[in-house]
Every structure is written in C-alpha cells, then in structure tokens.
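A.B. asks: I am attaching a structure below and will ask some questions about it afterwards.
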There are 2 protein chains.
Amino acid sequence: MDDLLNPHRKWMKAALREAERAFEADEVPVGAVVVRGNVIVGRGHNMVERLEDPTAHAELIAITAACSTMGTKNLTGCTLYVTLEPCPMCAGATVLSRLDRIVFGAFDEKAGAASTLFNIPQDPRLNHRAEIISGIEEERCAELLQEFFRRKRTQGGDLTRDA
Amino acid sequence: MDDLLNPHRKWMKAALREAERAFEADEVPVGAVVVRGNVIVGRGHNMVERLEDPTAHAELIAITAACSTMGTKNLTGCTLYVTLEPCPMCAGATVLSRLDRIVFGAFDEKAGAASTLFNIPQDPRLNHRAEIISGIEEERCAELLQEFFRRKRTQGGDLTRDA
C-alpha cells in the first residue's frame with residue numbers, strides 16, 4: 001500500500017535486491033535499476049572485485065544494460081534508482097545517458113557527486129540536467145553497507161569502496 | 001628525436017592512432033592508451049555509436065583493458081594518455097582506478113573535468129589524486145576533432161559529442 005503511494009519505494013526495493021546480490025558476492029553492496037514507465041529496462045550491481053574493474057559500478061552496468069535493452073544511447077524518459085549516491089564517474093554517466101531522473105537511497109559523504117561533494121547531474125555548464133530525489137529507503141540502503149563493512153572489519157578484509 | 005626528449009609525445013601519438021580509428025569508424029575521434037613503464041597495457045577509442053552505449057568512451061575502454069591486462073583493479077604506477085580532456089565520467093574513473101598521471105591533448109571547453117570545468121582528479125576531498133599534464137600534441141588532437149565535426153556539418157549528421 002505504501003508503495004502505491006510512493007512508487008519510488010517500489011523501484012528502490014528492486015535496486016536493494018541488486019545490492020543484496022552484490023553483498024552475497026562479497027562486493028560492496030550497491031545496486032541499481034533503470035526504469036522506463038512501469039518496466040525495469042536495466043539492472044546492475046557492483047562487480048568491481050569479480051571483474052577486477054574499478055569502473056564496474058552498479059550504475060554503469062545498469063545504464064549500459066538499459067541502452068542495450070532499448071537499442072539506444074539516449075535514456076531520455078528513464079529514471080535511475082540506485083541505493084547509494086553516485087560517485088563522480090557514475091554521476092557523469094547519468095549526464096551522458098540523458099536520464100530524466102536520479103533517485104538514490106543513502107548519501108555518500110566520501111564521494112557523492114549528486115549533491116554531497118558535487119552535483120554533476122545538475123551542473124548548468126553541462127549539456128543535460130536531471131531531477132534528483134534522495135533518501136528513498138535510505139535506512140535500509142545504508143544499513144546494508146554498514147553491515148558489509150562491519151563484517152569486513154571482523155574478517156580483516158579490504159575496507160574501502162574505491163571512489 | 002623530439003620524442004626522446006619528450007616521451008609524452010610518443011605515447012600521445014599512440015593515443016592519436018586510436019583516435020584515428022574512431023574517426024574511420026565515424027565516431028567522435030577520441031583515443032586513449034594506458035602506459036606502465038615503457039609498455040602500453042590498455043588501448044581504447046570512442047565506441048559510443050557502434051555500441052549504442054554512452055559510457056563507451058575511449059578512457060573507460062582503455063582503463064578496463066589495462067585492468068584486464070594487469071589482472072588488477074588498481075592502476076597505480078600507470079599513466080593515461082588521452083587526446084581530449086576527460087569528461088566527468090572518465091575523470092571519475094581515473095580516481096577509481098588510482099592512475100598516477102593523466103596526460104591529455106586538447107582541452108574540452110564543454111565538458112572538461114580535468115581542469116576546464118572541474119578538476120576531479122585533483123580534488124582534495126576524494127581519496128586519490130593524479131598528476132595532470134595538458135596540451136601534449138594539442139594541435140593534432142584538436143584538428144582531428146575539428147575535421148570530424150566539419151565533415152559532419154557538411155553531411156548534416158549528429159553534431160554533438162554527448163557530454
């Protein structure tokens with residue numbers, strides 16, 4: 001019922017399921033979906049460790065998947081839902097892909113580029129601007145990250161999300 | 001002889017060869033190589049049109065290739081040579097990949113994020129900083145782009161590099 005009143009929560013929960021897949025794969029748990037109308041056209045979760053590729057963030061994977069699904073490089077009319085505020089790379093990708101809207105869950109104090117440190121998707125000097133909605137399912141998105149890093153500290157693993 | 005005095009020119013010429021491959025494929029002509037010591041460990045040219053993927057910039061392809069070659073997500077000790085100043089997405093990727101140095105040719109007035117509009121690779125708030133050297137083979141790098149857009153205008157094609 002709550003999701004009917006706030007459709008953003010429904011899609012953020014889909015992004016959270018992606019983040020949980022990252023968690024299970026021992027990746028920093030960030031997930032993303034790209035939605036057009038009432039359909040998910042792209043999904044992604046962080047795969048930096050598995051692919052040994054620092055660019056394999058959830059958002060980039062979801063954006064590339066959405067472009068593939070739709071057969072276009074232009075995601076006008078689409079919204080990106082992501083559990084963590086995008087870093088500069090991913091915020092830049094939202095400009096390049098001309099997404100209408102970015103909805104994120106938790107804020108990223110260390111590298112957030114969609115309001116915290118930078119606001120790249122709304123910079124008037126760039127040739128595209130997106131609406132930004134923040135804090136949707138924030139608590140659950142943040143908790144998943146905190147739980148991941150808590151376990152890593154206990155295990156003595158690599159603690160940083162490179163960003 | 002000149003290249004012996006200025007090794008950056010030698011590697012920028014390799015990036016220019018990548019840019020020429022983009023030009024021949026009717027892509028906005030930007031090319032990049034990642035160099036470690038005296039070896040190219042990653043190459044890339046813009047493939048946005050062919051892949052219908054707005055994230056398929058030369059720099060991201062070269063960074064991913066270099067990580068694959070070296071079997072690591074960390075490009076410490078490497079230099080990125082790119083014919084055009086990186087956009088926010090690509091500048092963000094240089095931070096994530098922990099490149100030592102970014103050497104670019106032409107400045108990008110519209111989307112440059114390594115000195116012109118932003119200086120993401122040297123932002124003290126992020127967890128990595130790179131040296132930036134600009135203007136290497138600038139004239140040739142810029143000319144190739146100008147020639148591409150001049151032809152596109154004549155042909156009446158899509159004129160913008162999305163960024």
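A.B. asks: On the accessible surface of the protein assembly as shown, probed at 1.4 Å, how many percent belong to carbon and sulfur atoms?
C.D. replies: The nonpolar share, carbon plus sulfur, comes to 48 percent.
A.B. asks: Among B:ARG125, B:ARG101, B:ARG140, which one shows the highest mean-square fluctuation when chain B is modelled as a Gaussian network with alpha-carbon springs under 10 Å?
C.D. replies: Largest GNM mean-square fluctuation: B:ARG125.
A.B. asks: Which ³J(HN,Hα) values, rounded to whole Hz and listed in residue order, are derived for the range B:99-106 from phi using the Karplus coefficients 6.51, -1.76 and 1.60 in 6.51 cos²θ - 1.76 cosθ + 1.60 with θ = phi - 60°, glycine and proline given as x?
C.D. replies: Along the range B:99-106, the couplings run 4, 6, 8, 10, 10, 10, x, 8 Hz.
A.B. asks: A follow-up question, please. Just to be sure I understand the model, the point goes 7 Å from the Cα along the line to the Cβ. What's the resulting B:THR72 to B:ARG125 distance in nm?
C.D. replies: A separation of 2.9 nm, rounded to one decimal place.
A.B. asks: Return the long-range amide H neighbours of B:VAL41 (sequence gap of 5 or more, or a different chain), with a cut-off of under 5 Å between placed amide H atoms.
C.D. replies: The list, which skips near neighbours in sequence, is B:VAL34, B:VAL35, B:ARG36.
A.B. asks: Per residue, how much accessible area does the range A:1-135 have with a 1.4 Å probe, in Å²?
C.D. replies: For the range A:1-135, the per-residue accessible area is 38 Å².
A.B. asks: Another question, then. Hey, can you grab everything whose amide H is under 5 Å from the amide H of B:THR83? Only 5+ residues off in sequence or another chain; H modelled, so Pro and N-termini drop out.
C.D. replies: For B:THR83, the qualifying residues are B:GLY31, B:GLY105.
A.B. asks: Evaluate peptide A:81-89: per residue, the Cβ atoms of other protein chains within 10 Å of its Cβ; return the mean as an integer. Intermediate results must be reported in sequence, preceding the final value.
C.D. replies: Values: counts 0, 0, 0, 0, 0, 1, 7, 15, 14.
Per-residue shielding by partner chains comes out at 4.
A.B. asks: Turning to a different aspect of this structure: What FRET efficiency do you get for B:LYS110 and A:GLU24 if R0 is 56 Å and r is their Cβ-Cβ distance, rounded to the nearest 0.05?
C.D. replies: That pair, B:LYS110 with A:GLU24, gives E of 0.85.
A.B. asks: Once phi is turned into ³J(HN,Hα) by the Karplus curve 6.51 cos²θ - 1.76 cosθ + 1.60 with θ = phi - 60°, what whole-Hz value does each residue of the range A:112-118 show in order, with x for glycine and proline?
C.D. replies: x, 10, 10, 2, 6, 9, 9
A.B. asks: Give me the extension gain from B:GLU49 to B:GLU138: residue separation times 0.36 nm, minus the current Cα-Cα distance, reported in nm with one decimal.
C.D. replies: Contour length minus the Cα-Cα distance gives 29.6 nm.
A.B. asks: Out of the DSSP beta bridges found with both residues in the protein assembly as shown, what percent are antiparallel (nearest 5)? Intermediate values should be presented prior to the final figure.
C.D. replies: On the way: 24 of 42 bridges.
Antiparallel: roughly 55 percent of the beta bridges in the protein assembly as shown.
A.B. asks: Using unit Cβ charges (K, R positive; D, E negative) and no other charged atoms, how large, in debye to the nearest 20, is the dipole of the range A:57-163 about its Cα centre?
C.D. replies: On the way: 12 positive and 14 negative charges, 54 e Å.
Here the range A:57-163 has a charge dipole of around 260 debye.
A.B. asks: Moving on to the next point. Return the average number of partner chain Cβ atoms within 10 angstrom of each residue Cβ along peptide A:55-61.
C.D. replies: On the way: counts 14, 4, 3, 0, 1, 5, 1.
Partner-chain Cβ atoms within 10 Å, mean over residues of A:55-61: 4.
A.B. asks: For the ranges A:27-38, A:82-93, B:69-80, A:52-63, what's the packing order if you count other beta-carbon atoms within 10 Å of each residue, average per peptide, and put the highest first?
C.D. replies: A:82-93, A:52-63, A:27-38, B:69-80
A.B. asks: Taking the range B:1-148, how much of its Cα-Cα pair set, in percent, is spaced more than 19 angstrom apart?
C.D. replies: Here the tail beyond 19 Å accounts for 45 percent of pairs.
A.B. asks: Kindly express, to the nearest 10 degrees and within the range 0 to 90, the angle between helix A:58-70's C-alpha long axis and the longest C-alpha principal axis of chain A.
C.D. replies: The helix A:58-70 is inclined about 40 degrees to chain A.
A.B. asks: Starting from the amide H of B:ASP100, placed 1.01 Å from N in the peptide plane, find each other amide H under 5 Å away whose residue is 5 or more places distant or on another chain.
C.D. replies: B:GLY77, B:CYS78
The values are calculated or read from the model by the stated rules, or taken from the named source; none is laboratory data. As the structure is a computational prediction, the values presented were derived from the model and not from experiment. We place every Cβ from the backbone using ideal geometry, glycine too, and count neighbours over all the protein chains shown. For the accessible areas, the whole protein counts, side chains as well, though only heavy atoms, and no ligand, DNA or RNA atoms are used. Shrake-Rupley method; radii C 1.70, N 1.55, O 1.52, S 1.80 Å.
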